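K.L.:
I'd like to ask some things about the structure below.
Values quoted throughout were computed directly from the atomic coordinates according to the rules given, and no laboratory measurement underlies them. Predicted, not measured: the structure shown is a model, and the values here were computed from it. All Cβ positions, glycine included, derive from the backbone under ideal geometry; neighbour counts span all protein chains shown.
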Amino acid sequence: MSEAKWMSKRTYGLQSPPSLGVPGKKRYAMVIDLRRCIGCGACVVADDPPCVRNCPTQATYKHESGFILQRYNRCIGCKTCMVACPYNARHLLPAARTDHSQPTDVADKCDFCIHRVTRGLMPTCVTTCMGGAITFGDVNDSESEVSRMLDTHKTMTLRSDKGTRPQVYYIGLDGDIADVAASYADRSVQMREEFNIFKRNRLGAGNIIEGESETGPVGFPLQVIRNMINFVKDIVEKGYR
Amino acid sequence: MEKELIMNAFHDVYWGVPISIYFWLMGVSAGAHVISGFGWVFGLKKYKQVGLIATLWAILALLIVPLILIHDLGKPMRFFYLLLPFYWHNSAPMSWGTVLIMLYPCMMSIYAYFMYKNNERMAFIFGIGSILSAASTHWYTGVVIQLNPGRDLNHTAIASLLFLVGAFISGTGFLIVTFWIMNIFLNPLKKIRDSFQEGFIKRFIKACSIGEKVEDSLIVEMGQVMAIGIVVELILTLNEYLQMIYGTMEEQSNLYDVLLGAFRVPFLAYVFFAMLIPLFILYLSPIKRRPFGVAIAAGLVCIGIFGMRLWWVLGGLFQQSFY
């Protein structure tokens, strides 16, 4: 059986091989022009995603056209995909949602708006980007806009050294911002304080605040105890979900 | 606050303190179980007396683990999905880990049963199996967080070795402290043992050697065994430390911003409590041959290794939580 037939038989294409540059295959990608970007935040979709290979229940899978999709009914919320993702591109859906038909407490991620793309529309972020900074399309199609952008501009990807083959390309990306260690070390006092405020407002099980008093011999154990109390308190709350 | 949420700039530490506690309990369980195997598998007669009670502690520590793990899930009621064959995913470490975590207590229970029945041959056979499953289960806890290339602090090949050696010393330390406390309360324990009428419970308590003094020489010997483990742990940590100093920007940032920064308390607790102070007590101090001294060192090791589990799990996720 040829590879193409074998692939077509796998509806979900759990571990589809990377399709970048493979003739006859689609490989959707995104180019973000940071010269036009106002910094509203963006997603990352990888061609060799660690979240897919680490998911224990096959809840996350990679479509052969490059979409990384989530089966909410299979997800147990173990957060392995979040730990595996070098981009923090994955998140847990909130426990309380306005629309009760929506999934809760399961992992999710940007799926390049597959529901729109398969109907011939562009992803929502592309259509709503007020600067027109985002270009989307099939990178294996040499006639597409996204291929033309990649051919004519110098592009960079985020943390490509992690072996993920990311398919979101940036034009005009500053290397110091893209590097996680540099961005951590160079962050301002204001950003540190905002980080602490964010953490203080979260009831997460492991959020450690990095303020001077909180990381000391008294503060650190107190943080650990507080986190554990939150974890235990959550037992009662989870019973109602 | 709104800005960070909208920009998706700050993230939670997904695997938090409960997962650290799970790693610590798993290590204590595996370490205690290996000590139990000294007598019944490796043939050291001195350790036979404590074989059953060591395994019981290992089972007890392991009983807490599923409660923590299942509650940490976003959907706790779906935990059994991990066991369904058609949900099985070969490439996911957690799939294999689930099998190991299921296998380990089963093997341990059968091994404990044959120890109770004093069936040396079967205890030997299941002892080998359960020690292998104990080692592989704890090896898995190192691997599950090691196989994440995005987490620079954890993405190191010696992760599982550090975990295994840490498990061995914390398990041994936990048993030493337990035996020392049991020796202190020897008379009350004897009274409790004698208060039962002849029957299953009394036979079980006797098989566990509860109410019998654990020899001081055994406690001191366990301390020496623990000291060898601490030396190996020290070498591995030194190796990792050197790699971080001479390392890439990520590794240096991990050392200075995480280990010596926000996580300096658990990291220094690990270095001093789990390694340097116990080594001093066990090799150089005047109380090195006394059960009291060995128990102090063992207690410090348990605290220090918990510190290591904290910075290991939380630290790797912490740095990137800003990105």
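K.L.:
Could you check how many residues of segment A:210-241 are within 8 Å of another protein chain (Cβ to nearest Cβ), touching a residue at least 12 places away in the same chain (Cβ under 8 Å) and part of a loop (DSSP other than H, G, I, E, B)?
P.N.:
Residues in segment A:210-241 being within 8 Å of another protein chain (Cβ to nearest Cβ), touching a residue at least 12 places away in the same chain (Cβ under 8 Å) and part of a loop (DSSP other than H, G, I, E, B): 1 in total.
Quick grid of which residues meet (1) buried (at least 22 other Cβ atoms within 10 Å of the Cβ); (2) closer than 23 Å to B:Ser321 by Cβ:
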residue	(1), (2)
A:Cys51	yes, yes
A:Ser101	no, no
A:Lys109	no, yes
A:Leu121	no, no
A:Arg148	no, no
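K.L.:
Then there's this: Pick out the one residue from A:Ile68, A:Ile134 that is more than 14 Å from chain B (Cβ to nearest Cβ), aliphatic (A, V, I, L, M) and farther than 23 Å from B:Arg151 by Cβ. Explain how you work it out, then say what you get.
P.N.:
Numbers: A:Ile68 fails: farther than 23 Å from B:Arg151 by Cβ.
Criteria check complete, one pass: A:Ile134.
K.L.:
On to the next question. Could you count how many residues in segment B:261-290 are more than 14 Å from chain A (Cβ to nearest Cβ) and assigned to a loop (DSSP other than H, G, I, E, B)?
P.N.:
The total comes to 7.
K.L.:
Continuing with the same structure: Between A:Asp176, A:Asp151, which is in a helix (DSSP H, G or I) and more than 30 Å from B:Gln319 (Cβ to Cβ)? Break it down into steps so the answer makes sense when it comes.
P.N.:
Numbers: A:Asp176 fails: more than 30 Å from B:Gln319 (Cβ to Cβ).
Every option except A:Asp151 fails the conditions.
K.L.:
Just checking, does segment A:105-118 include any residue being among the β-branched types (Val, Ile, Thr), free of Cβ contacts under 8 Å to residues at least 12 places away in the same chain, more than 8 Å from chain B (Cβ to nearest Cβ) and farther than 25 Å from B:Val313 by Cα? Explain how you work it out, then say what you get.
P.N.:
Taking segment A:105-118 as the starting set, the residues that turn out to be among the β-branched types (Val, Ile, Thr) are A:106, A:114, A:117-118.
Next, from what is left, pick out any that are free of Cβ contacts under 8 Å to residues at least 12 places away in the same chain: A:118.
Imposing the further condition that a residue be more than 8 Å from chain B (Cβ to nearest Cβ) reduces the set to A:118.
The next check asks that each one be farther than 25 Å from B:Val313 by Cα; those that pass are A:118.
Yes: segment A:105-118 contains one or more residues that are among the β-branched types (Val, Ile, Thr), free of Cβ contacts under 8 Å to residues at least 12 places away in the same chain, more than 8 Å from chain B (Cβ to nearest Cβ) and farther than 25 Å from B:Val313 by Cα.
K.L.:
Of the numbered conditions (1) assigned to a helix (DSSP H, G or I); (2) surrounded by 20 or more Cβ atoms within 10 Å (Cβ to Cβ), A:Glu193 satisfies every one except a single condition; which is it?
P.N.:
Unmet for A:Glu193, out of (1) assigned to a helix (DSSP H, G or I); (2) surrounded by 20 or more Cβ atoms within 10 Å (Cβ to Cβ): (2).
K.L.:
Is there a residue in segment A:164-172 that is among the small types (Gly, Ala, Ser), surrounded by fewer than 20 Cβ atoms within 10 Å (Cβ to Cβ) and at positive phi? Working first, answer last.
P.N.:
Going residue by residue through segment A:164-172, those that are among the small types (Gly, Ala, Ser) are A:172.
Those still in the list that are surrounded by fewer than 20 Cβ atoms within 10 Å (Cβ to Cβ) too: A:172.
After this cut, where a residue has to be at positive phi as well, the list is A:172.
Yes, segment A:164-172 contains a residue that is among the small types (Gly, Ala, Ser), surrounded by fewer than 20 Cβ atoms within 10 Å (Cβ to Cβ) and at positive phi.
K.L.:
State whether the residues of segment B:86-106 include one that is away from chain A (no Cβ under 13 Å), under 15 Å from B:Tyr140 (Cβ atoms), touching a Phe, Trp or Tyr at 6+ places or on another chain (Cβ under 8 Å) and buried (at least 24 other Cβ atoms within 10 Å of the Cβ).
P.N.:
No, segment B:86-106 contains no residue that is away from chain A (no Cβ under 13 Å), under 15 Å from B:Tyr140 (Cβ atoms), touching a Phe, Trp or Tyr at 6+ places or on another chain (Cβ under 8 Å) and buried (at least 24 other Cβ atoms within 10 Å of the Cβ).
K.L.:
Output the number of the condition that B:Asp152 fails; it satisfies all remaining conditions of (1) touching a Phe, Trp or Tyr at 6+ places or on another chain (Cβ under 7 Å); (2) within 14 Å of chain A (Cβ to nearest Cβ); (3) among the charged types (D, E, K, R).
P.N.:
(1)
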